[in-house]
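Chemist: Below is a structure I'd like to ask you about.
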Amino acid sequence: TRKPFRELKAIALVNRRFRDIVCGTPDYWSTFDIFPERSTINTFLERSRDVPLHLDWDGLRSSFDLLRQLRTRCKTLTIEKRGGLLHDKDMLGPEIFPNLETLNFRVYYPNKEDPESLHELLSHWRLPNLRRLSVVTFFCLIPGERLSHLTSLDIAGDRNEFGGILDAVGKAASLLHLRLDLKLEGMGLNNGAQGRASTVNLPKLTTFELS
């Protein structure tokens, strides 16, 4: 259960019993934002002990080194930023996140810039246990070959090339849950794109939502 740092401090100040409960429950300290200020993060790391971490990263180079240090404990990673992302090639090296199961990508491009950030990240980072991918962005390119082990995929955006999305989804043969929230108006969804839809084979799919 995620609780903001100030809320945890307030609860801990009620009395000694509450403090012992708060400080002694690692799950309360396993979710936090990655930012350069280390004092608060050190508190979360100490009190979370060795439980998996659920991290929010702002996509900035200044905080990437800390994310890199925590990558082996990271189970859930949310990337949320407005504007360009991942221009620094040092952040697109072959980073290994061996225990990452869920990746939430929330990047907004007010100037329609840098549309390949997600594609670059998924192409270079090694995510052997990634099972759930959620994408909210203006435009995204997704390398289908990296989706083969996914069980859940959620894509939402103001503009996505429908045929390209279908090609990527078609490679995610292990999908159980699929949600597509795409703005298809004016995208030229022609008969060719519709024809490709019939070729997508997802034998394990149990839930599908298109809007």
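The values are calculated or read from the model by the stated rules, or taken from the named source; none is laboratory data. Worth saying up front: this structure is predicted, and the values here are computed from it rather than measured. Virtual Cβ from ideal backbone geometry, glycine too; neighbours counted across all protein chains shown. Areas reflect the complete protein model, heavy atoms only, side chains present, ligands, DNA and RNA absent. Shrake-Rupley method; radii C 1.70, N 1.55, O 1.52, S 1.80 Å.
Chemist: Just the residues that are small (Gly, Ala, Ser), at pLDDT 70 or above and farther than 18 Å from Arg179 by Cβ, please, taken from region 142-166.
Modeler: Ser148
Chemist: Among the residues of region 72-108, which ones are modelled with pLDDT under 70, open to solvent by less than 20 Å² (accessible area, probe 1.4 Å) and out of contact with any strand residue (DSSP E or B) (no Cβ under 7 Å at 6 or more places or on another chain)?
Modeler: Gly83, Gly84, Leu86, Leu92, listed by residue number.
Chemist: Considering only residues of region 1-24 that are within 25 Å of the chain's Cα centre (by Cα) and not in a helix (DSSP H, G or I), which is modelled with the lowest pLDDT?
Modeler: Thr1
Chemist: Can you tell me which residue in region 190-211 is farthest from the chain's Cα centre (by Cα), limited to those that are open to solvent by 70 Å² or more (accessible area, probe 1.4 Å) and at pLDDT below 85?
Modeler: Once the filter is applied, the top-ranked residue is Asn191.
Chemist: If I filter region 48-61 for residues that are modelled with pLDDT under 90, open to solvent by less than 60 Å² (accessible area, probe 1.4 Å) and out of contact with any helix residue (DSSP H, G or I) (no Cβ under 8 Å at 6 or more places or on another chain), do I get at least one hit?
Modeler: Within region 48-61 (the criterion being modelled with pLDDT under 90, open to solvent by less than 60 Å² (accessible area, probe 1.4 Å) and out of contact with any helix residue (DSSP H, G or I) (no Cβ under 8 Å at 6 or more places or on another chain)), the answer is yes, since at least one residue qualifies.
Chemist: Filter region 62-71 down to residues that are open to solvent by 10 Å² or more (accessible area, probe 1.4 Å) and hydrophobic (A, V, I, L, M, F, W, C), then give me how many there are.
Modeler: To start, the set of residues in region 62-71 that are open to solvent by 10 Å² or more (accessible area, probe 1.4 Å) comprises 62, 65-66, 68-71.
Within this subset, residues satisfying the condition of being hydrophobic (A, V, I, L, M, F, W, C) are 66, 70.
Number satisfying all stated conditions: 2.
Chemist: For region 6-25, what are the residues that are loosely packed, with under 14 Cβ neighbours inside 10 Å and either touching a Ser or Thr at 6+ places or on another chain (Cβ under 6 Å) or within 13 Å of Arg49 (Cα to Cα) (or both)?
Modeler: Gly24 - this is the single residue of region 6-25 that is loosely packed, with under 14 Cβ neighbours inside 10 Å and either touching a Ser or Thr at 6+ places or on another chain (Cβ under 6 Å) or within 13 Å of Arg49 (Cα to Cα) (or both).
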